[in-house]
1. For segment 34-73, which residues satisfy the criterion of being assigned to a strand (DSSP E or B) and open to solvent by 70 Å² or more (accessible area, probe 1.4 Å)?
2. Within segment 136-145, is even one residue more than 19 Å from Thr197 (Cα to Cα), without any contact (Cβ under 8 Å) to a residue 40 or more places away in the chain and open to solvent by 70 Å² or more (accessible area, probe 1.4 Å)?
3. Tally time: how many residues in segment 168-182 are at pLDDT 85 or above and surrounded by fewer than 15 Cβ atoms within 10 Å (Cβ to Cβ)?
4. Among the candidates Glu185, Glu165, single out the residue that is of a type in the set (Asp, Glu) and open to solvent by less than 70 Å² (accessible area, probe 1.4 Å).
5. Exactly one condition in (1) open to solvent by less than 20 Å² (accessible area, probe 1.4 Å); (2) modelled with pLDDT under 95; (3) not polar (S, T, N, Q); (4) not in a loop (DSSP other than H, G, I, E, B) is not met by Gly148; state its number.
6. Going through Val257, Val269 one at a time, which residue ends up being open to solvent by less than 100 Å² (accessible area, probe 1.4 Å), modelled with pLDDT under 95 and either outside any loop (DSSP other than H, G, I, E, B) or in contact with a His (Cβ under 7 Å, 6 or more places away or on another chain) (or both)?
7. Taking into account only those residues within segment 78-132 that are among the aromatic types (Phe, Trp, Tyr) and either under 15 Å from Val143 (Cβ atoms) or in a strand (DSSP E or B) (or both), which is least open to solvent (accessible area, probe 1.4 Å)?
8. Output the residue which, of all residues in segment 1-24 that are β-branched (Val, Ile, Thr) and assigned to a strand (DSSP E or B), is farthest from Leu46 (Cα to Cα).
Amino acid sequence: MPCALSINDAYFGLTDLFERYAEINLNDRVFIRFSPEGAQSLSFFLTDAIRFAPPRGCEVYLLHDGIAIYAKDFPPTDYTLTLLYQQRFDNALVTVFKQGETQVSLETEHGVFLRKLPPAFCECTAERHGNVYLLRAPKQLAVLNANGELLLLEHVLSHKVADGELTAVLPLSDSLSRTAECTYELSETACKRTRMTISQPRAADGSGNAEKIRDELLPYVFFESVLLGANYAELLSDELLPKAEQIASFLGDFKAVCLTEEPNVCALVKRKAPSLFSVERYEIKTQDGKITDVIAK
């Protein structure tokens, strides 16, 4: 959401999804305000505490050369109750409405439960399969149980349910335009993924062969493959192949991969605490189109 950025009440321009940088001394306790259109502003004093406790409504990313602040969750100004969708299933009632935030009310024999939803669910439909409820927005899917617990929330291209299993095709924001077909076992307490298949588009020349990974994309595709659970071992050299599992453990858990100014270096986003992330850099050594080493920088 575009915002007017003020620092010590001086206007510094508009913010959006493109990064802006400024050198600020945390000891100066400058006052930051993000002011969007149609919502309340987010404001806070910028101090050293931001490295440990993100301001309300913001995500904080600790970089090797600075701190990135992503203002994202702005309190609404309009709390008018608006009914968006309603569907009855025997002894259950699903109601999606907006009152400041987009929410779903699930009324079952267990009680009445409220759950916040992303804004995309302003337009949605509902399905019931056993004791779970599926809410389908144009590009997202939510799965809730009869107690209103959110079992799954994903961006999806398509989905189907058969024999107690949910199969969904997920778009992957990666360099090869791949998708993941995931199968989940549906139960009252969990939506457990049991299978995942990565698909890659055919080559532009119509040969039917998957696009060859270019050398400059090799580091990025490698980290993406580790993140997605795809077969990254095929990218390793013969000498490094026996250490494939050790490499995944060495990288640890991460939620995203970022490019850097160096083609052979990628940054991995790791969660440290709620709304707080560290961005750690790793260098890839290659030879003859294969990865020969992975180094933490």
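The values are calculated or read from the model by the stated rules, or taken from the named source; none is laboratory data. Quick caveat: nothing in here was measured; it's all calculated off a predicted structure. Every residue, glycine as well, gets a Cβ built from its backbone with ideal geometry; the counts of neighbours run over all protein chains shown. Just the protein is used for accessible areas: all its heavy atoms, side chains included, with ligands, DNA and RNA removed. Shrake-Rupley method; radii C 1.70, N 1.55, O 1.52, S 1.80 Å.
1. Once the filter is applied, which keeps residues that are assigned to a strand (DSSP E or B) and open to solvent by 70 Å² or more (accessible area, probe 1.4 Å), segment 34-73 yields Phe45, Tyr70.
2. yes
3. Matching residues across segment 168-182 total 1.
4. Of the residues listed, the single one that is of a type in the set (Asp, Glu) and open to solvent by less than 70 Å² (accessible area, probe 1.4 Å) is Glu165.
5. (4)
6. Within the list Val257, Val269, the selection yields Val257.
7. Phe121
8. Across segment 1-24, the extreme among qualifying residues is Thr15.
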